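Inspection log for the structure reproduced underneath, given as structure tokens.
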Amino acid sequence: MRQSTPIAHSTPTSHTAHGTHPTRRIRISRIAPVAMLVVAAAFAGTGSALAHDAGVQAADLKVDGVIVVAGNSCSWTNASTSSAPPNALTVNRTTINAPGGNLACSGGIVATLNNDPAFTFDDAAATARTDLIDITGKQSFISCRYKATNIVWDRDGVTRKYINRAFSATKTSGSFLCPGSVATPAGDASMLFR
């Protein structure tokens with residue numbers, strides 16, 4: 001998904017006494033990262049967290065996140081989860097999206113999670129699975145909405161950090177400039193429950 005095909009004219013070419021200034025272009029390489037970013041919806045962090053005490057309240061269960069795609073970084077901290085692994089849980093999107101959350105991106109990208117992703121865990125296999133991630137990314141006048149299903153994550157050692165396996169997502173709405181589908185390579189997304 002690292003392509004750089006130019007997209008048509010955003011600013012006309014101007015002529016001056018000193019020559020011609022090149023046309024400014026928005027490149028697919030800037031749009032595709034938006035799509036990959038919004039699909040990956042990465043849940044990442046550093047540190048370790050094994051099991052939580054049975055007495056830990058749901059309000060204390062968090063997931064921090066970060067993703068870097070083609071030089072653009074998005075991150076948040078302290079998103080709320082409904083339970084602790086290995087219990088099935090959901091991540092509350094209102095604690096990720098602004099204004100309730102602190103999801104922020106570099107590169108002029110604005111991302112919004114449209115659902116509360118549900119996670120199930122298989123400690124014997126050291127994996128987790130996400131049922132659906134539905135997310136929208138905007139950059140300038142371009143908006144792209146993508147959905148990915150049945151995403152599999154591999155547990156990183158004895159921590160509660162999980163790293164994604166490669167997956168693809170399909171565009172469900174948005175500009176004709178958005179790719180019809182995007183691929184997220186293995187290792188581009190991760191999550192850490194704490």
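The values are calculated or read from the model by the stated rules, or taken from the named source; none is laboratory data. Since the structure is predicted, the reported quantities are computational estimates derived from the model, not experimental observations. Because the Cβ atoms are built from the backbone with ideal geometry, glycine has one as well, and the counts that use them run over all protein chains shown. In case anyone asks, the SASA skips ligands and DNA or RNA and just uses the protein heavy atoms, side chains included. Shrake-Rupley method; radii C 1.70, N 1.55, O 1.52, S 1.80 Å.
Straight-line cross-link reach from residue 171 at under 12 Å between alpha-carbon atoms covers these aspartates and glutamates, not counting any fewer than eight positions away in the same chain: 134. Taking 0.36 nm per residue of separation and subtracting the current Cα-Cα distance, fully stretching the chain between residue 141 and residue 159 would add 2.5 nm. Per residue, the accessible area of the stretch 83-151 comes to 44 Å² when a 1.4 Å probe rolls over the protein heavy atoms.
Give me the percent of accessible area attributable to carbon and sulfur for the stretch 114-169, probe 1.4 angstrom. Percent of accessible area from carbon and sulfur atoms in the stretch 114-169: 48. Extension gain, residue 152-residue 118: 0.36 nm per intervening residue step, less the Cα-Cα distance, totals 11.0 nm.
Between residue 186 and residue 102, the contour length at 0.36 nm per residue exceeds the Cα-Cα span by 27.7 nm. Listed by chain and number, the lysines placed with their C-alpha closer than 24 angstrom to that of residue 62 are 147, 161; residues fewer than eight positions away on the same chain are left out. Computed from the C-beta positions of residue 127 and residue 173 and an R0 of 45 Å, the FRET efficiency is 0.90 to the nearest 0.05.
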